[in-house]
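A short worksheet on the structure shown next.
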Amino acid sequence: MSSGVGPPTDLDFEKALMFFHAYMYGPLQGKLRLYRARDVHSVGKALSSDWEVFASILVKDIGTKLTKGVDLSRYEVKSAEDGGSYEYQYHKISGKQKLVDDKRVGHLFFDHKDNLRSVDLRYASGAALSEFFDKWLKEFPDPYKQRYRKGIPFRFVKENGTLLMSLRDGEVTFPRLQAAGSRKATEGLATDEDA
């Protein structure tokens with residue numbers, strides 16, 4: 001893996017949205033209707049593995065086949081609800097190597113709210129996040145007592161990441177897509193200031 005991993009530019013919106021609607025958004029909306037009809041509170045939204053599969057399809061990266069470490073072959077995938085921080089967890093044996101790997105890959109950050117009716121995806125390179133990884137590596141616990149959990153604030157990602165996609169009510173609102181079924185972006189990727 002090189003430090004030259006950049007933002008994915010050939011996103012497969014069509015296949016990714018098929019997964020999102022069939023396994024994430026659609027089932028959740030159906031459950032919420034049933035819960036509301038019975039006055040039951042819902043807490044679950046989507047599993048981290050759901051976000052990983054969604055990202056894998058979207059960026060055309062099949063992943064690392066259930067191995068420990070980086071989620072996909074070129075990207076780490078994180079999700080947070082409603083502007084929360086993105087949690088990173090490092091384990092006793094593999095944690096230091098994972099921190100080194102995190103600096104070399106790209107990072108895909110999903111922010112979601114309103115029961116997946118609003119989803120934004122941003123990208124940041126490991127190099128752009130190295131201030132976090134370098135600090136966490138220096139502070140890696142020795143002796144290691146419990147899980148080593150750290151977080152990257154949503155605000156940092158929003159201000160420094162590249163917006164790749166926005167979904168509203170299950171439909172892509174950014175970037176603008178061609179109307180004729182190809183689902184390729186008609187505009188280049190933009191930062192939040194451009195969007």
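Values computed for the structure shown
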| quantity | calculated |
| --- | --- |
| Of Pro143, Pro27, Pro153, the one that fluctuates the most in a GNM where the chain has Cα springs shorter than 10 Å | Pro143 |
| Residue order for Ile62, Ile57, Ile152, Ile93 - accessible surface, 1.4 angstrom probe, largest first | Ile93, Ile62, Ile57, Ile152 |
| Accessible area (Å², 1.4 Å probe, nearest 10) - Tyr144 | 40 |
| His41 - accessible surface, heavy atoms, 1.4 Å probe, Å² rounded to 10 | 150 |
| nm² value of the averaged projected area, convex hull over the Cα atoms of the stretch 49-179 | 8.5 |
| Accessible surface of the stretch 35-176, 1.4 Å probe, proportion on carbon and sulfur as whole % | 48 |
| Rounded accessible area of Asp50 (nearest 10 Å², 1.4 Å probe) | 40 |
| Highest-fluctuation residue, Arg149, Arg33, Arg122 considered, GNM on the chain with Cα pairs under 10 Å | Arg33 |
| Cross-link table Lys15/Lys158; Lys31/Lys60; Lys92/Lys150; Lys45/Lys103; Lys113/Lys135; Lys45/Lys96, entries beyond 21 Å C-alpha to C-alpha | Lys15/Lys158; Lys31/Lys60; Lys45/Lys103; Lys113/Lys135; Lys45/Lys96 |
| Per residue accessible area of the chain, 1.4 Å probe, in Å² | 55 |
| Dipole moment magnitude, nearest 20 debye, the stretch 1-153 about Cα centre, only Lys, Arg, Asp, Glu C-beta charged | 500 |
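The values are calculated or read from the model by the stated rules, or taken from the named source; none is laboratory data. As the structure is a computational prediction, the values presented were derived from the model and not from experiment. Because the Cβ atoms are built from the backbone with ideal geometry, glycine has one as well, and the counts that use them run over all protein chains shown. Remember, those area values only see protein heavy atoms, side chains included, never the ligands or the DNA or RNA. Shrake-Rupley method; radii C 1.70, N 1.55, O 1.52, S 1.80 Å.
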